């Protein structure tokens, strides 16, 4: 981590690869602190003496592809009391709390939680700060807010006055702060560009951002230093348009630079502080050229098979995959579930809670499919185990739990599994479950114990799953799902 910080402070462009559990966000936080120190001691140099940026407030711009990625950093930075940080959300998010008159933005009560501002960040959030002292425009803005809340009609002149008040209040806040946190897309808003000049730009979770997303803050500013932080071996940008994917849109700016610069300019954080050493072994070999070391000693796993302690275990089961329609905030989706796997993963979760006395909040059940997540949640409700997190692999990136149970869902009868499948067959029967990046995320969330439930006969058709199963087999960690057990708590 120290090497990464030193490299970023001394170079104009730095790429930091942060494998799971290596603390890449912590590195980002340290960088903000040291960049501020650097800025307070050195004068910024401009090529053009008439550059308009000379008169703007100098800031560090910290971006990410999503609100979640930025909020995580913001919470860390809030702990450093001396920093003057400002979290800037989009107009859409702001309008959820302070509706704008005649706004064409449409919202519903089902607006997902991740599309709202985080209550814990209220004290550093722009749209709250501009409505409170010491902002000189706060009282007038609040008076307008109350009228809008009462659904009073504003005259065109009043709307204009309200708009100018908001502009001036934002400008006041921008000039009071040294670190601006926002999504990549939000970094191009005129208000922000008019008021501040980014001396350094950091983009966190950059490997999850599409290339155009990551370019927005870089193109709209003229920074002295750029730091891209991410891991192209974890989740990649989500691109749903097939033509865009064919044209390379699913390759992030981070990955593109990494493959060009590689060893010379990219710094890899090589010590992880999350996983038990046995959990870390396979991802280190498969995804990180055996360079990922373990810097933490985790307690012994309570998962066991035939009285052997198992930090990692694969439980084989031949279930049946069913197609279901799932209601999500974004409409109905076709998805898959596997009830036999559901029964196994919920049984293991129950044993972790009742036998080993593992706190429910320290357990997660992951699945690639929303339908399986819903099935498992319903089953846990019946078992009075609602406190256990159940989510998709995609949503779990950046989080960690003591125990992780994975349901892979996909299954086929042995007679239907072909020897050397082509791409079309793999796409139909395994699909994104075979995606190496998703597999990496799923198997690197656990601190003490990882249990994967699935049909090994089908999964072996995928190269990455085959590698994992071979590795687990060498370590006697593949068994029948009903043989996976949990030892009793010693307390």
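Distance between the modelled labels on residue 161 and residue 249, one decimal in nanometres: 4.5 nm (7 Å Cα→Cβ projection).
Angle between the Cα long axis of helix 277-287 and the longest principal axis of the chain, 0 to 90 degrees, nearest 10? Computed tilt is about 70 degrees.
Spin-label pair residue 10-residue 26: with each label point 7 Å from Cα along the Cα-Cβ axis, the two points sit 2.3 nm from one another.
By count of other Cβ within 10 Å, fewest leading, how are 37, 97 ordered? Spell out each step's value before the answer.
On the way: 37 11, 97 15.
Starting with the residue having the fewest Cβ neighbours, the order is 37, 97.
Please work out whether the stretch 250-350 counts as rounded, prolate or oblate from its C-alpha gyration tensor, where a ≥ b ≥ c are the square roots of the eigenvalues and a/c under 1.5 means rounded, while otherwise a/b larger than b/c means prolate and anything else oblate? In terms of gyration-tensor shape, oblate. With the Kirkwood sum run over all distinct C-alpha pairs, the stretch 411-469 has a hydrodynamic radius of 12.3 Å.
Where does each of 300, 184, 206, 461 land when they are ranked from fewest to most other beta-carbon atoms within 10 angstrom?
Details: 300 13, 184 26, 206 30, 461 20.
Ordered by Cβ neighbours within 10 Å, fewest first: 300, 461, 184, 206.
The C-alpha atoms of the chain define a longest principal axis, and helix 370-382 lies at about 70 degrees to it. Rounded, prolate or oblate: pick one for the stretch 272-486, where a ≥ b ≥ c are the square roots of the eigenvalues of its C-alpha gyration tensor, a/c under 1.5 means rounded, and failing that, prolate if a/b is larger than b/c, else oblate. Rounded.
Using only the Cα atoms of the stretch 22-74, what semi-axes does the equivalent ellipsoid have when each is the square root of 5 times a gyration tensor eigenvalue? Give whole Å, largest first. Mind showing how you got there, number by number?
Details: eigenvalues 149, 44, 12 Å².
Largest first, the stretch 22-74 gives 27, 15, 8 Å.
I'm a student and want to see the number: the projected area of the Cα convex hull of the stretch 137-183, averaged over all directions, in nm². Mind dumping the intermediate values first?
Details: hull surface 16.8 nm².
If you wrap the Cα atoms of the stretch 137-183 in a convex hull and average its projections, you get 4.2 nm².
Here the label points at residue 488 and residue 457, each 7 Å from Cα along the C-beta direction, are separated by 3.7 nm in the simple model. In whole angstrom, note down how far apart the Cα centers of the stretch 126-196 and the stretch 335-409 are. The stretch 126-196 and the stretch 335-409 have Cα centres separated by 43 Å. Its residues counted as N, the stretch 1-97 yields a C-alpha radius of gyration over 2.2 N^0.38 Å of 1.25.
Relative to the longest principal axis of the Cα atoms of the chain, the long axis of helix 339-354 lies at roughly 80 degrees.
Starting from the Cα gyration tensor of the stretch 2-270, take the square roots of the eigenvalues, sort them a ≥ b ≥ c, and report rounded, prolate or oblate (rounded when a/c is under 1.5, otherwise prolate if a/b is larger than b/c, else oblate). Because a/c hits 1.5 or more and a/b exceeds b/c, the stretch 2-270 counts as prolate. Its DSSP H runs of at least 4 residues, each contributing -39,500 (n - 2.57), put the calculated 222 nm mean residue ellipticity of the chain at -11000 deg cm²/dmol, to the nearest 500. For the stretch 272-486, the relative contact order comes to 31 percent (Cα pairs under 8 Å, sequence separation of at least 6).
Please report the relative contact order for the chain, taking Cα pairs under 8 Å with a sequence separation of at least 6, and give it as a percent rounded to a whole number. Relative contact order for the chain comes out at 17 percent. For the chain, the spread of Cα positions along the three principal axes, ordered from largest to smallest, is 72, 55, 54 Å.
The relative contact order of the stretch 364-491, computed from alpha carbon pairs under 8 Å that lie at least 6 residues apart in sequence, is 27 percent.
Here, each number is a calculation from the coordinates, and none is a lab measurement. All of these numbers come straight from a predicted model, not from anything done at the bench. Using ideal geometry, Cβ is built from the backbone for each residue, glycine included, and neighbour counts are taken over all protein chains shown.
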